[in-house]
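Below is one structure, written out as structure tokens; the observations come after it.
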Amino acid sequence: MLLFSAQPVNHLFTINKSRKMKIFFQSIIIACTALIIFSTGCKKSENAKSAPTVSETEPANLQNPYDSFGYWHNVILDSIEQQRKTGNCAGFSASCNYIRKFYRMKNWPELAQDHFNKIPQEVMDAATDVNGFIDRYRWSDSVKTRLAHLVKIIEDVSMDSCTYPEFKNTVRCFEENVLQSGLPDADQEVILKATSIARYSGYRWIQDPELKGEYDPNALFRQFQTAGLASVTAKEVRPLSLFTRVGKWIATTMIDITCAIGELSVATGSEASDFFRELMKL
């Protein structure tokens, strides 16, 4: 009886052991398959998140969703410069008309007839009291605080030794902070358009040999008087104004930024930049 009853037991044990081994190997196969799929998925996800790199010597920052704002600012100024080389686009009115034409060629919204009328006064206000200029606009306190910080960062740039990669890296670090700040989209738009102008404008003007020297703030008001712009008034000079020791290219860059962000207008920023340089003969 014992030999007879033990045989089925041993047979069942062998079957159970075989099933367990089969399940064990199946589990290993499933785990390995899952690991391969997971690893592949991670690599695809990492590749999807990685943005194309841009040289430190170039102005673009593809992490900024408003990078094109500064790009078109430079394109318009380059176009005006080309027009001047052919004998066209001389003077304030001519450059304003050219920007209108440029907008029409791009099928961008038509600019109001009085769009450029305030630029002379805005240039004077931005140059003499940049923080007051920013504070007068409708932006939130968070935007105004960060814009003032951006101005301070740019104002502290060494006019003697700063290279463009150093300048760009400073602005880009500021941008990364804004992108990670959790600010509302509307607030981020204002700040990131300002930083886009900063990178592209700084790139353009730092390469101009005539803008390497020190900016003379007192010359601006003298030039306004010489040009017969008596209606333009100089505001009280405040601590954080362009009446400090900065390079000409830095002063021009800050004019570009402040005038562009008031109405978030590439047209205004470009014309203010051109007006400032022509007036100051920079």
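Summary of values
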quantity	calculated
Simple label model, 7 Å out from Cα along Cβ direction - Cys173 to Arg245, nm	2.3
Gly247 long-range amide H proximity, modeled H, under 5 Å	Met159, Tyr215
Convex hull per residue volume in Å³, alpha carbons only, for the range 52-265	139
Counted charge near Pro65, where neighbours are those whose Cβ lies closer than 11 Å (Asp, Glu -1; Lys, Arg +1)	-3
Computed over the range 52-265: relative contact order in percent, which uses C-alpha pairs under 8 Å that are six or more apart	33
Where Val54, Val171 fall by accessible area, highest first, once all protein chains stay in place (1.4 Å)	Val54, Val171
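The values are calculated or read from the model by the stated rules, or taken from the named source; none is laboratory data. All values reported here derive from a predicted model rather than from experimental measurement. Glycine also receives a Cβ, built like all others from the backbone with ideal geometry; neighbour counts cover every protein chain displayed. Only protein heavy atoms, including side chains, enter the accessible area calculation; ligands, DNA and RNA are left aside. Shrake-Rupley method; radii C 1.70, N 1.55, O 1.52, S 1.80 Å.
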